[in-house]
Amino acid sequence: FIEKLRATVSDEPKETDTAWMHNLMERISLTPTNLRFELGRCQIDIGTFLSLKAGDFLPLKTRTHDPCTLWVEETPLFYAKPGEQEGTLAAEILDPIQPGDPI
C-alpha cells in the first residue's frame, strides 16, 4: 500500500492546467475588495476635535503635490495623487510601493 501511495505522489512538476488557472484568475478578478485613499494624517486634541465645524481645516502634513497612499484592505500598495475625472474625485496611481518604503 505504501509503495502504491509513493508511486502516485511525485515531486516531478506536472503540466499546468491552463483552464483551471484561467478560471481561478477570472474568479479572483471578480472578488470585491476595499480600497482606501489616504490623503494624510494629523493629530489634534479632543477639545479641538469637538469644536470642529463646517469650514474648518485639518492640519495635514501632506503638501499639495506630495503623493498619497492607496491601500487595498490593510496593505499599502500604490503611491497616488488626488485628482478629478469627469467631475468626480479620483486617485491617479503613480507608482507601486516597494518593500521598505516609508508610509
Q.
Show me the helices (runs of 4 or more DSSP H) found entirely inside the range 2-103 where at least 3 residues are at pLDDT 90 or above.
A. 18-29, 46-50
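Results for (1) open to solvent by 70 Å² or more (accessible area, probe 1.4 Å); (2) among the aliphatic types (A, V, I, L, M), shown as yes or no for each residue.
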| position | (1), (2) |
| --- | --- |
| 48 | no, no |
| 53 | yes, no |
| 57 | yes, no |
| 66 | no, no |
| 69 | no, no |
| 72 | no, yes |
| 76 | no, no |
| 81 | yes, no |
| 85 | yes, no |
Q: Consider only pairs whose beta carbons are under 9 Å apart and that are at least six residues apart or on different chains; among these, list those whose first residue lies in the range 61-82 and is under 22 Å from residue 44 (Cβ atoms) and whose second residue is at pLDDT 90 or above and among the β-branched types (Val, Ile, Thr).
A: 69/97
**Q.** Residues located in the range 25-46, provided they are aliphatic (A, V, I, L, M), without any contact (Cβ under 8 Å) to a residue 40 or more places away in the chain and open to solvent by 70 Å² or more (accessible area, probe 1.4 Å)
**A.** 25, 28, 30, 35, 46
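The values are calculated or read from the model by the stated rules, or taken from the named source; none is laboratory data. All figures in this text were calculated on a predicted structure; none of them were measured in a lab. Every residue, glycine among them, receives a Cβ derived from its backbone with ideal geometry; neighbour counts consider all protein chains shown. For accessibility, only protein heavy atoms count, side chains too; no ligands or nucleic acids. Shrake-Rupley method; radii C 1.70, N 1.55, O 1.52, S 1.80 Å.
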